[in-house]
Number of protein chains: 4
Amino acid sequence: MGNTFGHLFRVTTFGESHGGGVGVVIDGCPPRLEISVEEIQWELDRRRPGQSKITTPRKEADSCEILSGIFEGKTLGTPISILVRNKDTRPQDYDEMQQKYRPSHADATYDAKYGIRNWQGGGRSSARETIGRVAAGAIAKKILHQVAGVEVVAYVKRIKDIEGVVDPSSVTLEQVESNIVRCPDPECADRMIELIEQIGRQGDSVGGVVECVTRNVPRGLGSPVFDKLEADLAKAVMSLPATKGFEIGSGFAGTLMTGSEHNDEYYTDENGEIRTVTNRSGGVQGGISNGENIILRIAFKPTATIRKEQKTVTNAGEETLLAAKGRHDPCVLPRAVPMVEAMVALVLCDHLLRHQGQCSVLS
Amino acid sequence: MGNTFGHLFRVTTFGESHGGGVGVVIDGCPPRLEISVEEIQWELDRRRPGQSKITTPRKEADSCEILSGIFEGKTLGTPISILVRNKDTRPQDYDEMQQKYRPSHADATYDAKYGIRNWQGGGRSSARETIGRVAAGAIAKKILHQVAGVEVVAYVKRIKDIEGVVDPSSVTLEQVESNIVRCPDPECADRMIELIEQIGRQGDSVGGVVECVTRNVPRGLGSPVFDKLEADLAKAVMSLPATKGFEIGSGFAGTLMTGSEHNDEYYTDENGEIRTVTNRSGGVQGGISNGENIILRIAFKPTATIRKEQKTVTNAGEETLLAAKGRHDPCVLPRAVPMVEAMVALVLCDHLLRHQGQCSVLS
Amino acid sequence: MGNTFGHLFRVTTFGESHGGGVGVVIDGCPPRLEISVEEIQWELDRRRPGQSKITTPRKEADSCEILSGIFEGKTLGTPISILVRNKDTRPQDYDEMQQKYRPSHADATYDAKYGIRNWQGGGRSSARETIGRVAAGAIAKKILHQVAGVEVVAYVKRIKDIEGVVDPSSVTLEQVESNIVRCPDPECADRMIELIEQIGRQGDSVGGVVECVTRNVPRGLGSPVFDKLEADLAKAVMSLPATKGFEIGSGFAGTLMTGSEHNDEYYTDENGEIRTVTNRSGGVQGGISNGENIILRIAFKPTATIRKEQKTVTNAGEETLLAAKGRHDPCVLPRAVPMVEAMVALVLCDHLLRHQGQCSVLS
Amino acid sequence: MGNTFGHLFRVTTFGESHGGGVGVVIDGCPPRLEISVEEIQWELDRRRPGQSKITTPRKEADSCEILSGIFEGKTLGTPISILVRNKDTRPQDYDEMQQKYRPSHADATYDAKYGIRNWQGGGRSSARETIGRVAAGAIAKKILHQVAGVEVVAYVKRIKDIEGVVDPSSVTLEQVESNIVRCPDPECADRMIELIEQIGRQGDSVGGVVECVTRNVPRGLGSPVFDKLEADLAKAVMSLPATKGFEIGSGFAGTLMTGSEHNDEYYTDENGEIRTVTNRSGGVQGGISNGENIILRIAFKPTATIRKEQKTVTNAGEETLLAAKGRHDPCVLPRAVPMVEAMVALVLCDHLLRHQGQCSVLS
């Protein structure tokens, strides 16, 4: 256990970075959804390595195969299994890491927990593991869009100290995809790309903040008290590799305001809908969506695996030095954008079905 | 569903702020743990209203009764049920709120989700709901301490812009409990108390940041990829009322560093243990505890219910004004400290049992 | 874990036979269901001890208190907690059983598993534990009836070798409740009562078979492959005390037929509904309800605790004799009838919500 | 949901009989277990079609590929994914069944539930789905055997009215595998084979009873009250295709005895172990294993798909006749034997880990 996410729309991922492949089983998908392999592949292409000069040069087409659950272009309601083979593996790059623990990586903790580790790569702690999440997220997004016109749009908000100016209420997928760093502020994007290239040349890495907006969320999603929407969203994105922080709405900055400044006053709009003037709540109140945009920010640390030499120890506890070989992203954020969107979509889709299950049988 | 937390050490809370009472059922507790009602009550007293001049004056002794699962002072391994009656309720204080939605509160979203609401108080969205969590947390803490000497210590780090100086590696429960705001920096605590009193007199409220350190955590806790330790910790604390942000280790600030600055280099200590020089990881790497202190920070927004008049609407959508009656905390943080500790203990105890279950049967 | 049942309509029971009380928390109940404490109490009265001369004389009114989740006569969608206090306890009756294990009872296995046991009664293995199930079942039944007119009717089909003649398609609750043994074949019921009284006078006990029919079940309930409807029904009733066997439809007898004899041929009825001519499937095909009556039979062994002297051992392993004191049912079946109905209702209600959740969002 | 089984040792199966393939993901497997693909394949070979003259002639090698979770011959503690491709599919055999519902099969109920169906075969209701269960069961068996010497042996006890004489306490796998019907009573096996061949020639089918004994079960497995061991075993085997009944220990026959006849008296054996003289309990008391052999019997109905012509309807409700084409088993029992063993092993392995998790952390 630990590799399954969701209650009704339920996703189980499998696979190491080196081995037969990685993939996902999606259980509980509503039947009769039209979905093509191309729609899933399109999201995987946003995530795949080697997509630009600022990502790892590992060459993986990451072509997915749908093994089950879809028939004549429609979901059957049975488990959907999707497989992506590992192709461009170079276990020899990891020879040294069989003994030497990468600082701030998962090598040492996997050994501590399991007493064994697939050292020919990052194993389950590799970002390759997120392939299954992104594939499942493509399906979740489609359901959300079809049922309620939901749009999930994530983007790079900040790389190190370079922060873009983005309006969450209007930002589009096209704007996000218009540059390789996925920051919809074009001028800022150029500087981010330059920084990542420069840092990469130094054998070092950088982190930053991904922001995610979800629009047209139905009211009523979320299951207090433990499965509050923000709690499940926090878990979802904090389960992605390299995350160190999570905010919804006003986040940490909101703690500097008084209640009278922070509260979102209500009004009734032209359609008779109850709305809020401001959105410091970030679309969720009391653990339940209120129909306003859901706004999240996620902190991604700088990539742990770097070419710069660092002090470390071997699995036998001997002190040594390591300058990591292999092909690693100097910055994970451009590829993290589709991962964040996927996790948000998985949470919302699950809660959509849960809400339907509990609250729609009695009229 | 939504009111159960944990997989092996499994907690289900129940109860509204007005009604028969609130409580918890703990399923999966290890048998033969010595635990007294006083130990549980001690934690509840840290959480209860009316404990000081800066908390709500609602007078609740919050005396707990153990209904099952404990026999002759020891746990039976069967469900432990604990009940706290609601005593000092004043439904008349909520008369106005039957129609008028409190801004940034859960009134409107509960109505949207369920089509019905216990309007005689906050219902499940009241902080009273956390009584069950704190009671269960008392038991989880005892297990963790008995098995591995684990210490969970939370404290108020910041109120609005007043931030204390605290050393997580040495701070003690006694220091935390030495003042009513639960900030172990005494000079700072005085200013915090003064601010809360002043804001309270104005009918307004403030928020801030709770920090939590857990020491002596066994290596190997956490279940990648979805149930990574930081992911479950994030969910746990983000399910508490009024939370808007979560950080582990370096958090958002860590995104301003490069990888070579951020990585925690390894060394071997005098006992032959593999340790890290720094702890930007916050005690978790790759979703698994590494034996270093687990350091969390949680943002709590200013209390939503305030006496100051605000614009809002009724449940019929009519625009109106509301100056909330009732007895509310001008700042939730002092009482949030035991809640945060409880949620952290629940996560760690559950993962302790899960790790034991999966990883200890084969020698 | 182990004390929670169901996925969306989720029931957690707690309590030992001796101690503060027994009860249940129901999470995930649809909001706005009208339900009164009397409706729940009515089912508990069918289950309570001392209701007739053929049940245990333990005198328990089993009055239930609703602690949460219901407001002004309607469910809130939040956890419903129901408590029944233990009143007429006689721990002294169990003095001898503190050391001596009752043959075929749970005393020895609880000691083996937990290393501790509430020996002042049956603890969690007492039939008192089923109070929470029956209370929750009352709510599940009401939902099922309101949504689809579902009727769940169980009855005593056989006591030892005395078997009643009952038509599942027409049997009514009134017929079941018309006599104290709950066998709707009146002539047979008299002989059953006589047998139970006679066996009870001998300090011995008897078992038998409960049959349960559920009518007006919506098509489409059940979640292959593991949560097939018959699988969840089997688990549900086999979790009741004293059960040794389960059948659906043709059961074991069906194995004596050929496929051409056993198959239920289809036809289209006057309303254009696809129906089966026979119902050897028992209302479920491929793990999914087909709209025909669901027919189950459950074997209950003779009560383990008897006054007749038997060979046994103490918890120290010393061989000894035991003639159990205390007030025990010479036959559990009359009181098992509402328990079976409750468990069947819990399964169906959970699957109703699950089906709604998965299969109704896409039109 | 519905396609995952178990709590700590957690199995998710996927795949339809026609499509990319079938398989399983096993999450929560203890790390460092030595397991080879041959050990898994050996169990799959016992299950595969075309293995003898009395099974379906569909030719499937059912060669399995391990995609993840095993490295250098040992489990990693991460999800183990196993895939078997579908090879010898003949969708044309099912052309007629696209419209015509097979009596007592899942065609109609899948349509009712999902509104769509992979009609080119049995889809998820095909026995092919059990490949994933059997593969996972092979691993569960190995863990159980390694940890406690547990042996799970199932066999055909009865085909229609031909019943074998078998001693559960001594029957061996070799005896079971010594003939193609898997009945360890050789004389009886010959008559069973003859009957199956004869019935198959008539285009008809037969059912029967599989019995399963598990020896050397550790005391203390099972989690009352809902996850009693017999309840989870009942669910496990009743989730297999074609099952109609379940018994443990004395089963339905036990209801004909009095309590004094039925109770298993205790004694202390030469090793000081508390044992029972008889085993009518079937190895479980109060939902917890008592160390005696666990004895189960499962009723399998005659195969629904037969060549004999039967009355049925089309999916449009028109009455028609159907003589099923395709390659179907005239009797599922010989191939059901490894399926039953697998499901029993999955339950026991899960409860072994659960027991370890809850009851071994406090000394």
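The values are calculated or read from the model by the stated rules, or taken from the named source; none is laboratory data. Computed from a predicted structure; not experimentally measured. So basically every Cβ, Gly included, is an ideal-geometry build from the backbone, and we count neighbours across all protein chains shown.
Taking the stated definitions as given, is C:Ser205 within 24 Å of C:Asn279 (Cβ to Cβ), of a type in the set (Ser, Thr, Tyr) and either in contact (Cβ under 8 Å) with a residue 24 or more places away in the chain or touching a Lys or Arg at 6+ places or on another chain (Cβ under 7 Å) (or both)? Answer is no for this residue.
Somewhere in the stretch B:103-115, is a residue crowded, with 22+ Cβ neighbours inside 10 Å and part of a strand (DSSP E or B)? Taking every residue of the stretch B:103-115 in turn, none turns out to be crowded, with 22+ Cβ neighbours inside 10 Å and part of a strand (DSSP E or B).
On inspection, D:Arg182 fails the criterion of being within 13 Å of another protein chain (Cβ to nearest Cβ) and among the charged types (D, E, K, R).
Please find, within the stretch D:116-152, the residue that is surrounded by the most Cβ atoms within 10 Å (Cβ to Cβ) out of those that are touching a helix residue (DSSP H, G or I) at 6+ places or on another chain (Cβ under 6 Å) and farther than 23 Å from C:Gly287 by Cα. Ranking the qualifying residues of the stretch D:116-152, first place goes to D:Ala140.
Of all residues in the stretch A:246-289, those satisfying the criterion of being over 24 Å from C:Gly77 (Cβ atoms) and of a type in the set (Val, Ile, Thr) are A:Thr255, A:Thr258, A:Thr268, A:Val277, A:Thr278. For first residues located in the stretch D:177-189 and surrounded by 21 or more Cβ atoms within 10 Å (Cβ to Cβ), partners that are among the small types (Gly, Ala, Ser) and not in a loop (DSSP other than H, G, I, E, B) and lie 6+ apart or on another chain with Cβ distances below 7 Å form the pairs D:Val181/D:Ala189; D:Cys183/D:Ala189.
The single condition from (1) modelled with pLDDT under 95; (2) closer than 30 Å to B:Pro30 by Cβ that D:Arg327 fails is (2). Filtering B:Lys113, B:Lys142, B:Lys160 for residues that are closer than 24 Å to B:Val37 by Cα and modelled with pLDDT of 95 or more leaves a single hit, B:Lys142.
When the stretch B:266-286 is limited to residues that are among the polar types (S, T, N, Q), within 8 Å of another protein chain (Cβ to nearest Cβ) and farther than 20 Å from B:Leu348 by Cα, the one that is surrounded by the most Cβ atoms within 10 Å (Cβ to Cβ) turns out to be B:Thr276.
Report yes if D:Arg158 is without any contact (Cβ under 8 Å) to a residue 40 or more places away in the chain, on the phi < 0 side of the Ramachandran plot and not in a loop (DSSP other than H, G, I, E, B), otherwise no. Taking the combined requirement at face value, the residue does not satisfy it. What about B:Cys359, is it more than 15 Å from B:Ser239 (Cβ to Cβ) and within 14 Å of chain D (Cβ to nearest Cβ)? Answer is yes for this residue. I need the full set of residues from the stretch B:190-215 which are assigned to a helix (DSSP H, G or I), buried (at least 23 other Cβ atoms within 10 Å of the Cβ) and not β-branched (Val, Ile, Thr), in order please. Scanning the stretch B:190-215 gives a single hit, B:Met192. So for the stretch A:180-188 (the condition being assigned to a helix (DSSP H, G or I) and under 19 Å from the mean Cα position of the chain (by Cα)), does at least one residue qualify? No: zero hits.
Taken together, the residues in the stretch A:1-38 that are surrounded by fewer than 24 Cβ atoms within 10 Å (Cβ to Cβ) and of a type in the set (Asp, Glu) amount to 2. Summed over the stretch B:62-90, the residues that are within 10 Å of chain C (Cβ to nearest Cβ), surrounded by fewer than 23 Cβ atoms within 10 Å (Cβ to Cβ) and without any contact (Cβ under 8 Å) to a residue 40 or more places away in the chain give a count of 4. Cβ separations smaller than 9 Å between residues 6+ apart or across chains give no pair from the stretch C:295-306 residues that are free of Cβ contacts under 8 Å to residues at least 12 places away in the same chain and facing chain D (nearest Cβ under 8 Å) to residues that are acidic (Asp, Glu) and crowded, with 24+ Cβ neighbours inside 10 Å.
Where the second residue is crowded, with 17+ Cβ neighbours inside 10 Å and assigned to a helix (DSSP H, G or I) and the first is within 12 Å of chain B (Cβ to nearest Cβ) and lies in the stretch A:317-345, which pairs have Cβ atoms under 6 Å and are six or more apart or on separate chains? Sorted first by the residue in the stretch A:317-345, then by its partner, the pairs are A:Pro330/A:Ile196; A:Pro330/A:Ile199; A:Pro330/A:Gly200; A:Cys331/A:Ile196; A:Met339/A:Thr130; A:Met343/A:Ala236; A:Met343/A:Val237.
Out of the stretch A:13-61, which residues are among the aromatic types (Phe, Trp, Tyr) and facing another protein chain (nearest Cβ under 7 Å)? If the condition is that a residue be among the aromatic types (Phe, Trp, Tyr) and facing another protein chain (nearest Cβ under 7 Å), then A:Phe14 is the only one that fits. Please verify whether the stretch A:247-264 includes one or more residues that are within 8 Å of chain B (Cβ to nearest Cβ), more than 30 Å from B:Asp107 (Cβ to Cβ) and assigned to a loop (DSSP other than H, G, I, E, B). No, the stretch A:247-264 contains no residue that is within 8 Å of chain B (Cβ to nearest Cβ), more than 30 Å from B:Asp107 (Cβ to Cβ) and assigned to a loop (DSSP other than H, G, I, E, B). Only a single criterion out of (1) of a type outside the set (A, V, I, L, M); (2) out of contact with any Gly (no Cβ under 7 Å at 6 or more places or on another chain); (3) surrounded by 24 or more Cβ atoms within 10 Å (Cβ to Cβ) is not satisfied by C:Gln310, namely (3).
Being at the interface with chain D (Cβ under 10 Å from one of its Cβ atoms) and either under 30 Å from A:Ala140 (Cα atoms) or surrounded by fewer than 24 Cβ atoms within 10 Å (Cβ to Cβ) (or both) is the requirement here; does C:Ser289 meet it? Yes: the conditions hold for C:Ser289. Looking at D:Cys359, D:Cys349, which is the one that is out of contact with any strand residue (DSSP E or B) (no Cβ under 9 Å at 6 or more places or on another chain), closer than 30 Å to D:Cys29 by Cα and buried (at least 24 other Cβ atoms within 10 Å of the Cβ)? Matching residue, one of D:Cys359, D:Cys349: D:Cys349. Just one of the listed residues (C:Ser169, C:Ser126) is small (Gly, Ala, Ser) and within 18 Å of the chain's Cα centre (by Cα), and it is C:Ser126. In the stretch A:15-70, the residue that is nearest to the chain's Cα centre (by Cα) out of those that are in a helix (DSSP H, G or I) and within 30 Å of C:Asp227 (Cα to Cα) is A:Ile40.
For every residue, the table says whether it meets (1) over 23 Å from the mean Cα position of the chain (by Cα); (2) outside any loop (DSSP other than H, G, I, E, B).
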{"site": "A:Thr278", "(1), (2)": "yes, no"}
{"site": "A:Gly282", "(1), (2)": "no, no"}
{"site": "A:Glu292", "(1), (2)": "no, no"}
{"site": "A:Arg297", "(1), (2)": "no, yes"}
{"site": "A:Ala304", "(1), (2)": "no, no"}
{"site": "A:Lys311", "(1), (2)": "yes, yes"}
{"site": "A:Leu321", "(1), (2)": "yes, yes"}
{"site": "A:Ala324", "(1), (2)": "yes, no"}
{"site": "A:Val337", "(1), (2)": "no, yes"}
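Every listed requirement among (1) within 13 Å of chain A (Cβ to nearest Cβ); (2) under 18 Å from the mean Cα position of the chain (by Cα) is met by B:Tyr114 save one, (2).
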